[in-house]
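**Student:** Can you keep this structure in mind? I'll have questions shortly.
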Amino acid sequence: VAASIGAGLAKAALGGKVNGQLVDTSFSMSTNANLAIVTAKDPEGLELIRHSTAHLLAYAVKELFPEAQVTIGPVIENGFFYDFSYKRPFTPDDLAAIEKKMTQLAALDEPVARRVLPRDEAVAYFKSLGEHYKAEIIASIPANEDVSLYREGKFEDLCRGPHVPSTGKLKHFKLMKVAGAYWRGDHRNEQLQRIYGTAWATKDDLQQYLTRLE
């Protein structure tokens, strides 16, 4: 639909709103609906960017530290975080390397593809990857529900979505700090490492935010 309106809009499209529901650009419309194309200029577009940048962070961590396990990575005010289980604390040098890897992966402009699995199949899949935290999260979902997974390159993550259509849409981000966080927020559980980042629609927006923090 975006392409039928214009090539510029098709290039700028990050997602859509169908009858008020945020969806991927790959979403198929089978009936007449109220449609809005979402770009980086929209608040929903910025949320898509931040959500997808959290996945890009996890992708980069897995590339650099294959033994790390991924847990959760939500959008927060001005950015996102992602919690990881790893055998040692991440250092400032690690953070710089992860951000560099994120930039390299974004430059590949890899498509972000969605697929749906039955819950139990998804649990078995993540267990086979050694991602036991992810398997535990999925196991808490009702057995009769399907779960959606999103893949970019070699990395696939559990997620309701939606996401930007490709990693090339993620250009203006910065990793901010590492902090401790307990699994499921319970101090009796293992302490994880939480990497915080910020992501914006434009270079100017990112720079303005970083300047305000100085």
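**Student:** By what distance, in whole Å, do the Cα atoms of the chain stretch along each of the three principal axes, largest value first?
**Tutor:** 52, 49, 29
**Student:** Another question about this same structure. Let's test the formula: R0 of 45 Å, r as the Cβ-Cβ distance of LEU108 and THR31. What FRET efficiency results, to the nearest 0.05?
**Tutor:** The pair LEU108/THR31 has a calculated efficiency of 0.80.
**Student:** Then there's this: Which of the listed residues, HIS51, ALA33, VAL75, is farthest toward the dipole's positive end in region 11-100, when Lys, Arg count +1 and Asp, Glu count -1 at the beta-carbon?
**Tutor:** ALA33
**Student:** Over the Cα atoms, compute the radius of gyration (one decimal) and Dmax (the largest Cα-Cα distance, rounded to a whole number) for region 91-214, in Å.
**Tutor:** 16.9, 50
**Student:** If r is the Cβ-Cβ distance from ARG184 to LYS154 and R0 is 35 Å, what FRET efficiency results, to the nearest 0.05?
**Tutor:** 0.80
**Student:** Using unit Cβ charges (K, R positive; D, E negative) and no other charged atoms, how large, in debye to the nearest 20, is the dipole of the chain about its Cα centre?
**Tutor:** It works out to roughly 240 debye.
**Student:** Same structure again: Quick check for you: which residues of region 180-211 have the amide N under 20 Å from the point 7 Å beyond the Cα of ARG88 toward its beta carbon?
**Tutor:** 180-181, 191-195
**Student:** What's the longest piece of the chain with no exposed trypsin sites (Lys or Arg not before Pro), counting a site as exposed if DSSP puts it in a loop and it has at most 12 other beta carbons within 10 Å?
**Tutor:** Answer from the scan: 88-153.
**Student:** For TYR209, project a label point 7 Å along Cα to C-beta. Then give me every residue of region 165-189 with its amide nitrogen under 19 Å of that point.
**Tutor:** Answer for this model: 165-179.
**Student:** Measure off 7 Å from each Cα along the Cα-to-Cβ vector at GLU67 and VAL1, then give the distance between these two points in nanometres to one decimal.
**Tutor:** Going from the GLU67 label point to the VAL1 one covers 4.9 nm.
Every number here is computed from the coordinates shown, using simple stated rules; none is lab data. Only a predicted model underlies this, so the values are computations on that prediction, with no experimental measurement involved. Positions of Cβ are backbone-derived with ideal geometry, glycine not excepted, and every protein chain shown enters the neighbour counts.
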